[in-house]
Amino acid sequence: MNNDLEKLINLFSKLPGLGPRSARRIVLHLIKHKNKLLTPLISTMDEVLNNIQNCRVCNNLDISNPCNVCLDNRRTHTQICVVEEIGDLWAIEKGGFFDGTYHVLGGTLSAIDGIGPDQLAIDSLIRRIENEGIEEVILANNATVEGKTTAHYITERIKGFNIKISRLAYGIPVGGEIDYLDELTLSAAISSRQTVCSD
């Protein structure tokens, strides 16, 4: 097999949910449909590589900085929904039931993986609370041990501010991840969120 093809298959096999066999099928399909799929894919990936960036306010991905969510004046800018990853933000946003803003942490606290508060966007969240007139922080962490630990840590850090702190209702299954939930479950969880702390 050609070295370039092997390299391409190897790269695809590193994507989540893909193994060597699936990667090989994808690469062969792309080559078979070169003009229809491969050329537009390369062009789009090049555009993404050159234009997509993390929002300096909330850490979302967008071509504008701040992102379109942060720039939208129709949104409730006194409300921040804190999520672990960008996929979680997109999952909530897709439902169209939340009109506040977001803050992407970039992961969860994990002693095993060596991820402490400094590796997450917690300090920038606190700066936003201090400077943006925030009235409510919704902790939309995944219902995992790490997610709960992170939510508890953030609650301890921000409970001295004169704001409402709420979390998603536990309609989300324990061990469940936001990115994999359907829109109805997410909508119900946002609507029935519970207050953690309110001064």
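The values are calculated or read from the model by the stated rules, or taken from the named source; none is laboratory data. Owing to the predicted nature of the structure, the values given are computational and were not obtained by experimental measurement. Because the Cβ atoms are built from the backbone with ideal geometry, glycine has one as well, and the counts that use them run over all protein chains shown. Side chains included, ligands, DNA and RNA excluded: accessible areas come from the protein's heavy atoms. Shrake-Rupley method; radii C 1.70, N 1.55, O 1.52, S 1.80 Å.
Summary table below
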{"item": "Computed over the stretch 30-182: relative contact order in percent, which uses C-alpha pairs under 8 Å that are six or more apart", "result": "19 percent"}
{"item": "DSSP beta bridges in the chain [antiparallel fraction, %, rounded to 5]", "result": "35 percent"}
{"item": "Solvent-accessible area, 1.4 Å probe, carbon plus sulfur percent, for the chain", "result": "53 percent"}
{"item": "Global geometry of the stretch 92-170, whether rounded, prolate or oblate, following the gyration tensor of its Cα atoms and the 1.5 cut on a/c", "result": "oblate"}
{"item": "Nonlocal amide H pairs with Thr144, under 5 Å, H built at 1.01 Å", "result": "Gly175"}
{"item": "Surface per residue (accessible, 1.4 Å probe) for the stretch 98-156, Å²", "result": "44 Å²"}
{"item": "Accessible area per residue in Å² at 1.4 Å probe, computed on the stretch 1-81", "result": "73 Å²"}
{"item": "Lysine pairs in the chain with Cα atoms under 23 Å, if 8 or more residues apart or on separate chains", "result": "7"}
{"item": "The stretch 129-199-the stretch 47-64 distance, computed between alpha-carbon centres (Å)", "result": "24 Å"}
{"item": "Calculated P(r) tail over 14 Å for the stretch 127-169, as whole % of Cα pairs", "result": "47 percent"}
{"item": "Matching label, Rg and Dmax of the Cα atoms in Å computed from the structure shown, candidates (1) 19.7, 65; (2) 20.0, 69; (3) 18.9, 70", "result": "(1)"}
{"item": "Ordering of 156-166, 83-93, 24-34 by burial proxy (mean other Cβ atoms within 10 Å per residue, highest first)", "result": "83-93, 156-166, 24-34"}
{"item": "Separation of the Asn35 and Ser64 label points, Cα + 7 Å toward Cβ, nm", "result": "3.7 nm"}
{"item": "Expected 222 nm ellipticity per residue - DSSP helices of 4 or more, -39500 (n - 2.57), all of the chain, to 500", "result": "-12500 deg cm²/dmol"}
